[in-house]
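Notes follow once the structure below has been shown.
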Amino acid sequence: MKTLLLNGSPHEKGSTYTALRVVADSLEAEGSETEIYQIPFKPILGCSGCRTCKKTMNNRCVVEGDAVNVIIEKMEGSDALVIGTPVYYAAPNGHLLAVLDRVFFPCGYEQGAFTGKPASAICVARRGGTTATLEVLQKYFTIAGMPIVPTSYWPMIHGLSGEEVLQDLEGVQAMQMVGKTLAWLMKCIAAGKSAGVAFPALPGGEKVWTSFIR
């Protein structure tokens, strides 16, 4: 049982890392191995929609040399995912979104690298913009067939620094519950698999694409 936690902040040991560390500690207490992966803050291309990843790249992005294919490979070896971000202009960090667009495009529902693996997004704000940020991140999970775990409140926490984050006691409890419910759901999924219960396959076996302009 392994969980990959992505730190989408450019600050390696800042407030977002502190929140992810609370989640990781909770996961480890429930028996899950964890890895907090710091997304390198280097120039990165966004997704161009070339679809080469689906045609000839074995579900890997054609652009090499950045964190995208590293993350896909790590997720293939993980059972769950947590994405952490600071709130910038009431939205996730733009650098993180460029990474996620290219990570999730090769790994949609039909590819299965992420499908059926539980996930959570957490966000850290000094003050506002948290719910809008979570809405953006959770859409990556739903399109990839990833169950979103519940918590005691929306998975957000407040503070400009790591020290301030830990003063948000309700937020800390929400982060702890992310870890506990994520571990619980991984165990439930493992139990289901051992009992022969598989994740639902796409009706017809293939993804259906319909354009609205004819």
For residues in segment 104-146 being touching a Leu at 6+ places or on another chain (Cβ under 9 Å) and part of a helix (DSSP H, G or I), which is surrounded by the fewest Cβ atoms within 10 Å (Cβ to Cβ)? Val136
Just for segment 175-194: of the residues that are surrounded by fewer than 18 Cβ atoms within 10 Å (Cβ to Cβ) and over 30 Å from Gly129 (Cβ atoms), which one is farthest from the chain's Cα centre (by Cα)? Ser194
Being over 14 Å from Ala98 (Cα atoms) and either in contact with a Leu (Cβ under 6 Å, 6 or more places away or on another chain) or of a type in the set (A, V, I, L, M, F, W, C) (or both) is the filter here; which residues of segment 39-71 pass it? Cys50, Cys53, Met57, Val62, Val70
From Ala121, Ala144, residue being within 12 Å of the chain's Cα centre (by Cα) and modelled with pLDDT under 95: Ala144
Mind checking which residues of segment 116-140 are of a type outside the set (Asp, Glu) and without any contact (Cβ under 8 Å) to a residue 24 or more places away in the chain? Leu134, Gln138, Lys139
More than 26 Å from Trp209 (Cα to Cα) and under 14 Å from the mean Cα position of the chain (by Cα): which single residue out of Gly108, Gly84 fits that description? Gly84
Do any strands (runs of 3 or more DSSP E) entirely within segment 1-101 hold 2 or more residues that are surrounded by 22 or more Cβ atoms within 10 Å (Cβ to Cβ) and either without any contact (Cβ under 8 Å) to a residue 12 or more places away in the chain or among the hydrophobic types (A, V, I, L, M, F, W, C) (or both), and if so, which? 2-7, 80-88
Of these, Val197, Val172, which one is in contact with a Leu (Cβ under 7 Å, 6 or more places away or on another chain), surrounded by fewer than 21 Cβ atoms within 10 Å (Cβ to Cβ) and among the β-branched types (Val, Ile, Thr)? Val172
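The values are calculated or read from the model by the stated rules, or taken from the named source; none is laboratory data. Predicted model, so just to flag it, every value in this text is computed and none were measured. No Cβ is skipped: glycine too gets one built from the backbone with ideal geometry, and neighbour counts run over all protein chains shown.
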